[in-house]
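Just so you know, all these numbers are worked out from the coordinates, no wet-lab data involved. What you see is a predicted model; the values in this text were computed from it and never measured. A quick note on method: Cβ atoms are made from the backbone with ideal geometry, for glycine too, and the neighbour counts reach across all protein chains shown.
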Amino acid sequence: MDDRTYAQLKRTKRDTARTDVWIAQQKITPEQFGDVDTATALLQAQKIARTTLKAHAGLLCSYNIAALNAFLQKMAFGKSRSKLREQHARAVFRICAQVNRKLYKHSR
């Protein structure tokens, strides 16, 4: 193995380790990437739900806060996450769209 190949292999391993750490911090497991369409929607919903709860919780009613927290709780565990479907992600998207509309009205 020449120096260039060794350096590239070392860089790839380092980058993979960093990516694995970031994925773990986001509470995502590699198994979530199995069903790409549904998994992508669920991961996007998870990200948006977490961001909305952190940044704009004041614009949410208690029912919506409970719904987003329940969704995040189900996403945290593999058995319950495997039962989630795209319709669950759409519910989160609707709640977050309501928050975006409220933000737009407040900014006018």
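One table, with the values for the structure above:
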item	result
Cβ-Cβ FRET estimate between N69 and R18, R0 fixed at 41 Å, reported to 0.05	0.90
Qualifying lysines (Cα of each under 24 Å from Cα of K47; at least 8 residues distant if same chain)	K27, K74, K79, K83, K102, K105
Radius of gyration and maximum dimension Dmax of the chain, Cα, Å	18.2, 62
Which of Q26, A66, A76, positive extreme of dipole for the chain (C-beta unit charges)	A66
